[in-house]
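The values are calculated or read from the model by the stated rules, or taken from the named source; none is laboratory data. As the structure is a prediction and not an experimental result, all values here were calculated from the model. As a convention, Cβ positions derive from the backbone with ideal geometry for all residues, glycine included, and neighbour counts pool all protein chains shown.
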Amino acid sequence: MRYSRLLLPTTKETPNDASLASHIYLIRAGLIQSVGGSGLYNFLPLGKKILDKVRAVVKEELDKAGCQEVSLSFVTPSALWDESGRLEKYGKELLRFKDRKDNDFILGPTHEEMMVNLVRQTVKSYKQLPLNLYQINLKFRDEIRPRFGLMRGREFLMKDGYSFHSSTEDMLREFALMEETYKKIFTRLGLEFRVVEADSGAIGGSGSKEFMVLADSGEDTIVVCNDCEYGANIEAATCQPKVYDTHTACKTVIKKALYDEGKSLCVGFVLPQDAELQETKACNSVDANDLIECDTQQSPSIVVIEETLGAAVDPNAFDAEEINYADIVAVQEGDTCAMCGGALRYTKGIEAGHIFQLGTRYSEPMGTHFLDENGKTQPMVMGTYGIGVSRLLAAIIEQNHDDKGCIWTKESAPFALQIIISNIKDDAQVALGEKLYEAMLSLGVDVLLDDRKDRFGAKMSDYELLGVPHAVVIGKNLSEGKVEFVTRKGMSSIEVDADGILDFLRDTL
């Protein structure tokens, strides 16, 4: 590609609403464009090219693992979400609307219901199982406060996959296969990541794992062990149980639990005085959609006691309709790892992938059955597997940037090489630049030729901002038979003989 023909509106100005490096550089480098500051973004030519390259890595590894790609409608009938029981539970992030015939629809934030509907119409026998279908398609979540650019936008590109099985054992086999496949994807993209235990949230199911890209700017707090591979989102983290005696000081945190159809209950959570309530664990302990602040004068209908308190708390001291025990405490730094006895610590991560063991959470309510070997009707056992493809662009930059701009990894880079002609009025520089450009194209190297009439300083600033892994700078040293080979990471450079630069590039790239 010739830079002079490229739509790449780079800018020195930092967007007013941008705080993360990825948000700043994606816009400054002319890769994406905000649509009215509403959490919506246009992808410009090179942004779309990078997105397609990341998408291709995801697709290649999934296809190798035996998954099959489909494309489901972005617009989903609300009736399907009614069948699964999620229409009310999902909340206001679900964008709902009516068509001209007054039928109810939503813009899909995830497509479990749509894929289940597809499979129940086409798969009838155990002989057609197992099956793993996926799509890489647009999703929409009506975020209350979209922020951080592609990290938390309202519309995004997501890979969502769904597997269907005749047994739990086979679903667990596929779950393990998808975990290994996701590891290959993130490794190919050059990311440092950790697989952690996670809460299943609105998706549901019996177990899930998140793929966290490690970054100080990450929104998620993850708990990891210094001595083993244990890792978990703070919402699902556990530690070696603590022992409390009858003299332990306790506190009760009062919350209002929200349920479907406007139902709510006052709940009291009892925990050690020095502990913090983990709200996701607490919410799950009463099977609620959400927890909000509650009038502390109101007597709780339900009391949930931290399970490790045991005899330290007398349940008869509470006048409540229901008393339960559950893990509701947030793991603290320095707590003991339940796996190896090591010390736990916090770190930050960006959730880039999430896989779930769904079981029959969707197949039973939606009547997705098959005939087994004995001709008996059984519900299909499911898994679901997601990757935030557009979010990966932001995650790559959060791990790979400096104060000058992006530093793309090999598989994600818009080009493998950038050729920079320092002075477009110098015939010798232009001739060598054109020769190298044509040679690289003939070798199948994805190359960008900066043939603009701009100043050399502006060209180098744009190179640093865009973040192509390597560049050849053809400048005034050409008169001495030398050109410069630059590596974007660290901005290191070496001089190479102009006569040998083509062989050097062939060997290097």
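Quick look at the values:
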quantity	calculated
Single match in 335, 403 (criterion: under 21 Å from residue 10 (Cα atoms) and surrounded by fewer than 23 Cβ atoms within 10 Å (Cβ to Cβ))	403
Residue in segment 341-350 that is in a loop (DSSP other than H, G, I, E, B) and over 22 Å from residue 199 (Cα atoms) present	yes
All positions within segment 451-480 that are part of a helix (DSSP H, G or I), of a type outside the set (Ser, Thr, Tyr) and either over 19 Å from residue 408 (Cα atoms) or touching a His at 6+ places or on another chain (Cβ under 9 Å) (or both)	456, 457, 458, 476, 477, 478, 480
Test: residue 333 is on the phi < 0 side of the Ramachandran plot, touching a strand residue (DSSP E or B) at 6+ places or on another chain (Cβ under 7 Å), of a type in the set (Asp, Glu) and not assigned by TED's automatic domain parsing to the domain that holds residue 22	yes
Filter result for the condition that a residue is modelled with pLDDT of 95 or more and over 23 Å from the mean Cα position of the chain (by Cα), over 98, 64	98
Checking residue 253 against (1) surrounded by fewer than 21 Cβ atoms within 10 Å (Cβ to Cβ); (2) among the hydrophobic types (A, V, I, L, M, F, W, C); (3) part of a strand (DSSP E or B); (4) out of contact with any helix residue (DSSP H, G or I) (no Cβ under 9 Å at 6 or more places or on another chain), the condition it does not meet	(4)
Which numbered condition residue 318 misses (of (1) among the hydrophobic types (A, V, I, L, M, F, W, C); (2) modelled with pLDDT under 95; (3) closer than 19 Å to residue 120 by Cα)	(3)
Residues within segment 9-51 that are assigned to a loop (DSSP other than H, G, I, E, B), closer than 19 Å to residue 454 by Cβ and among the charged types (D, E, K, R), tallied	2
Complete set of residues in segment 282-294 that are without any contact (Cβ under 8 Å) to a residue 60 or more places away in the chain and either of a type in the set (A, V, I, L, M) or surrounded by 14 or more Cβ atoms within 10 Å (Cβ to Cβ) (or both)	282, 283, 285, 286, 288, 291, 292, 294
Scope segment 92-119; condition in contact (Cβ under 8 Å) with a residue 40 or more places away in the chain, surrounded by 14 or more Cβ atoms within 10 Å (Cβ to Cβ) and either more than 21 Å from residue 169 (Cα to Cα) or of a type in the set (Val, Ile, Thr) (or both); matching residues	94, 95, 110, 111, 113, 114, 115, 116, 117, 118, 119
Set 221, 238: member being touching a residue at least 24 places away in the same chain (Cβ under 8 Å) and assigned to a strand (DSSP E or B)	221
Scope segment 481-495; condition farther than 24 Å from residue 409 by Cβ and either in contact with a Lys or Arg (Cβ under 9 Å, 6 or more places away or on another chain) or modelled with pLDDT under 95 (or both); matching residues	495
From the options 349, 310, 341, 375, residue that is without any contact (Cβ under 8 Å) to a residue 60 or more places away in the chain and either outside the structural domain of residue 490 (by TED's automatic domain parsing) or surrounded by fewer than 16 Cβ atoms within 10 Å (Cβ to Cβ) (or both)	375
Selection count, segment 452-474, where residues are more than 31 Å from the chain's Cα centre (by Cα) and either among the small types (Gly, Ala, Ser) or farther than 18 Å from residue 505 by Cα (or both)	9
Any hit, segment 449-459, residues being surrounded by 23 or more Cβ atoms within 10 Å (Cβ to Cβ) and at pLDDT 95 or above	yes
Residue list for segment 400-457, restricted to those being small (Gly, Ala, Ser) and farther than 24 Å from residue 48 by Cα	422, 428, 431, 433, 439, 457
Checking residue 42 against (1) farther than 28 Å from residue 179 by Cβ; (2) touching a residue at least 12 places away in the same chain (Cβ under 8 Å); (3) over 18 Å from the mean Cα position of the chain (by Cα), the condition it does not meet	(2)
Candidates 140, 148, 164, filtered to the one that is crowded, with 24+ Cβ neighbours inside 10 Å, in the same structural domain as residue 26 (by TED's automatic domain parsing) and among the hydrophobic types (A, V, I, L, M, F, W, C)	164
Per-region count, segment 37-80, residues touching a Gly at 6+ places or on another chain (Cβ under 9 Å) and among the hydrophobic types (A, V, I, L, M, F, W, C)	8
Looking only at segment 75-91, and only at residues there that are among the hydrophobic types (A, V, I, L, M, F, W, C) and closer than 26 Å to residue 174 by Cβ, the one that is surrounded by the most Cβ atoms within 10 Å (Cβ to Cβ)	81
Residues of segment 111-150 satisfying the condition of being outside any helix (DSSP H, G or I) and among the acidic types (Asp, Glu)	142, 143
Search result, residues across segment 313-327 that are of a type outside the set (A, V, I, L, M, F, W, C), surrounded by fewer than 15 Cβ atoms within 10 Å (Cβ to Cβ) and outside any strand (DSSP E or B)	314, 315, 316, 319, 321
Residue under evaluation residue 243, criteria (1) of a type in the set (Val, Ile, Thr); (2) in the same structural domain as residue 362 (by TED's automatic domain parsing); (3) not in a strand (DSSP E or B), criterion not met	(2)
Search result, residues across segment 391-450 that are more than 21 Å from residue 56 (Cα to Cα), of a type in the set (S, T, N, Q) and in a helix (DSSP H, G or I)	429, 442
